[in-house]
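Taking it in order: structure first as structure tokens, then the write-up.
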Amino acid sequence: MNTILITGANRGLGLEFVRSYVAEGARVHACCRHPEKAKALSEVAGDVVVHKLDVTDGLRVAGLARALADEPIDILINNSGVFHRGAGDFGKIDFDSWVEELKVNTVAPARMVERFVEQVAASERKLIVNISSGMGSIALTASGDSVIYRSSKAGLNMVVRCLAHTLAERGITMVAISPGWVTTDMGGAKADLTPADSIAKMRAVIDRLTLADTGRFFNHEGEERPW
Ligand SMILES: NC(=O)c1ccc[n+]([C@@H]2O[C@H](COP(=O)([O-])OP(=O)(O)OC[C@H]3O[C@@H](n4cnc5c(N)ncnc54)[C@H](OP(=O)(O)O)[C@@H]3O)[C@@H](O)[C@H]2O)c1
């Protein structure tokens, strides 16, 4: 059975990923910033190990990687993300928010891959999934709003593309996937999909990924998206 490591596992899509994998008997390392406040996560019954992890904290990431050094990780899911809505609109750009979004959305996934690559390489599935966004597609951008979030996810997409080339020789598959517009704290109540719907669709995509897919950008329906 697979071992999965998920960041931002306390709410939204991360929590739903945990529920989905645990339901099929997987072992899940569920990372979140504040385990003591993660009530819904603590209520997931099954093989879940909760770890305290702020993905921007390099020492913590390295420490967790050392603690799990002997544990193959079949699927690393870089899910943590931030979106300061309105802060990226021209005329009122909040540059501190921009730096934070780059740290969480762009830099942290690369750091997780650097630190956990040996555990992924030692696994059977050898898969790294990065939760991106359609808003990170340069080709599909048709408005000027949200430059902070869009650029952070476009940056993530480039991280995926670059590292996929490097990691292919170790047999590791690395992709970007957008979850659709989902009713989480980030997506808001008017979104199209529930977290359970989005995760079911993404799981169908993730489950059939092979090395031939590495370096690609998919949506939750499995359609390839332009960079
Ligand atoms: N919802 C959508 O419509 C949508 C659309 C496109 C892409 N996405 C992407 O999907 C992913 C999940 O988003 P969501 O909708 O589930 O959002 P969410 O409900 O706002 O959850 C965001 C998660 O990221 C965690 N996080 C934020 N900063 C972190 C940090 N420094 N270290 C560790 N964890 C951190 C949060 O932890 P705390 O609880 O501690 O803040 C939370 O668990 C994100 O990458 C997002 O960009 C979402």
Checklist line | Vicinal HN-Hα couplings computed from phi for segment 180-193 (Karplus, 6.51 cos²θ - 1.76 cosθ + 1.60; Hz; Gly/Pro x) | finding: x, 9, 10, 6, 9, 4, 6, x, x, 6, 8, 5, 6, 10
Check: Karplus couplings for segment 212-224 from phi (6.51 cos²θ - 1.76 cosθ + 1.60, θ = phi - 60°), rounded to Hz, Gly and Pro as x?
Finding: 5, 8, 4, x, 10, 10, 10, 9, 5, 8, x, 7, 6
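Report in % the part of the accessible area of the chain that belongs to carbon and sulfur, leaving out ligands and nucleic acids; probe 1.4 Å.
53 percent
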Item checked: FRET E, pair Asp70, Glu36, Förster distance 35 Å, beta-carbon r, rounded to 0.05 -> 0.85
Check: Out of the DSSP beta bridges found with both residues in segment 95-227, what percent are antiparallel (nearest 5)?
Finding: 10 percent
Next item on the list: Answer with one residue from Leu64, His29, Pro226: the one whose Cα lies farthest towards the positive end of the charge dipole of the chain, charges on Cβ with Lys, Arg +1 and Asp, Glu -1.
Entry: Leu64
Check: Do any of Lys103/Lys190; Lys37/Lys103; Lys37/Lys153; Lys37/Lys92 go past 30 Å between their Cα atoms, and which?
Finding: Lys37/Lys92
Notebook entry, point to check: Solvent-accessible area per residue for segment 3-218 at a 1.4 Å probe radius, Å²?
Noted result: 45 Å²
Next item on the list: Starting from one equal scatterer on each C-alpha and no solvent at all, send me the Debye-based log10 I(q)/I(0) for the chain at q = 0.17 Å⁻¹, two decimals.
Entry: -1.28
Note to self: Past the 24 angstrom mark, what percentage of all C-alpha to C-alpha distances in segment 53-180 do you count?
What the structure shows: 30 percent
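If you place +1 on the Cβ of every Lys and Arg, -1 on the Cβ of every Asp and Glu, and leave all else neutral, what size is the dipole of the chain about its Cα centre, to the nearest 20 Debye?
Once rounded to the nearest 20, the dipole reads 160 debye.
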Item checked: Qualifying trypsin sites (Lys or Arg not before Pro) in segment 84-128, DSSP loop, other Cβ atoms within 10 Å at most 10 -> Lys92
Notebook entry, point to check: Among bridges DSSP assigns within the chain, what percent are antiparallel (round to 5)?
Noted result: 5 percent
Next item on the list: Grab the Cα-Cα distance for Ala45 and Phe90, subtract it from 0.36 nm times how many residues apart they are, and report the gain in nm with one decimal.
Entry: 11.7 nm
Item checked: Mean-position separation - Cα centroids, segment 119-179 and segment 189-226, in angstrom -> 12 Å
Next item on the list: Loop only per DSSP, at most 15 neighbouring Cβ atoms within 10 Å: give me the GluC sites (Glu not before Pro) in segment 173-227, ordered by residue number.
Entry: Glu221, Glu223
Item checked: Environment charge at Trp227 (Cβ cut-off 13 Å; Lys +1, Arg +1, Asp -1, Glu -1) -> +4
Note to self: In whole Hz and in residue order, list the ³J(HN,Hα) couplings for segment 135-149 that follow from phi through the Karplus curve 6.51 cos²θ - 1.76 cosθ + 1.60, θ = phi - 60°; x for Gly and Pro.
What the structure shows: 5, x, 7, 5, 4, 8, 6, 10, 8, x, 7, 6, 4, 5, 5
Note to self: Could you work out [θ]222 nm for the chain from helices alone, using -39500 (n - 2.57) per DSSP H run of at least four and dividing by all its residues? Round to the nearest 500 deg cm²/dmol.
What the structure shows: -11000 deg cm²/dmol
Note to self: Give me P(r) over segment 107-159, computed from all C-alpha to C-alpha distances, binned every 10 Å, as integer percentages.
What the structure shows: 23, 42, 23, 11, 1
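The values are calculated or read from the model by the stated rules, or taken from the named source; none is laboratory data. Computed from a predicted structure; not experimentally measured. In this analysis, Cβ positions are derived from the backbone assuming ideal geometry, glycine residues included, and neighbour counts consider all displayed protein chains. Just the protein is used for accessible areas: all its heavy atoms, side chains included, with ligands, DNA and RNA removed. Shrake-Rupley method; radii C 1.70, N 1.55, O 1.52, S 1.80 Å.
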